[in-house]
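A quick write-up on the structure given underneath.
The values are calculated or read from the model by the stated rules, or taken from the named source; none is laboratory data. Since we're looking at a predicted model, the values are computed, not measured. Cβ coordinates were reconstructed from backbone atoms using ideal geometry, including for glycine residues, and neighbour counts include every protein chain displayed.
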Amino acid sequence: MQSRTPPGAEPGSPRAELDSRLSAELASVVAGARRRAVRDGDRQIDTAHLLHSLLESDPAVRAVFENGAQVVRLLGYLVQRSIGYGLQWQGTVEDSGAVPVVTSVKEAGWSPAAATAMEMALDRADLRGDPRALGMDLLAGLVADPDCRAVEVLGRAGVDVPHLLSRVEAGCQEYAGGYGAGA
């Protein structure tokens, strides 16, 4: 009989430990990013994979952008990644060097920048007193690294990243106040 537990997700594994710290929505985002990386032939989940999955899956993340047209433009850039834009990233490791790499997220197959963004998301949840990180926490972690692929995509789509970060912070404070607690 074969195990139904995916490789790397056995109880006590780094992947199972990470999954236990994510909201259901954020776990879905991570799974989508993992599938996207495999489908695109990338060696690692990077920040652009995470941004793409966040935009597709999390209504709170989409709401923090100025308007729907901005989200559509972003998704357009992200979709083009596998057919031209972004090919320079294939087969390379994303490590912007802008934010020190954190090693406590022991998920194999993550770029250093993506692992750092996820660690920042987990830290934000801890500061909020929430045992699970939300999509807004991960978005904050992504935009904190000005040299990561996600921020490059945001810039190409015309997003004012410092303004977005202030909107994300305001959204995170809403969640801390109980508006979206437990979401």
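Table: residues versus (1) within 14 Å of ASP58 (Cβ to Cβ); (2) touching a strand residue (DSSP E or B) at 6+ places or on another chain (Cβ under 9 Å); (3) among the hydroxyl-bearing types (Ser, Thr, Tyr).
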| residue | (1), (2), (3) |
| --- | --- |
| ALA125 | no, yes, no |
| PRO131 | no, no, no |
| GLY135 | yes, no, no |
| LEU139 | yes, no, no |
| ALA144 | no, no, no |
| VAL151 | no, no, no |
| ARG156 | no, no, no |
| ASP160 | no, no, no |
| HIS163 | no, no, no |
Inset, instruction - Return yes when VAL79 is at pLDDT 90 or above and aliphatic (A, V, I, L, M) and no when it is not. - result: no
Inset, instruction - Would you mind listing the helices (runs of 4 or more DSSP H) fully within the stretch 1-71 where at least 3 residues are modelled with pLDDT under 90 and not small (Gly, Ala, Ser)? - result: 14-20, 24-39
Inset, instruction - From (1) in a helix (DSSP H, G or I); (2) modelled with pLDDT of 90 or more; (3) surrounded by fewer than 15 Cβ atoms within 10 Å (Cβ to Cβ), pick out the condition that doesn't hold for PRO131. - result: (1)
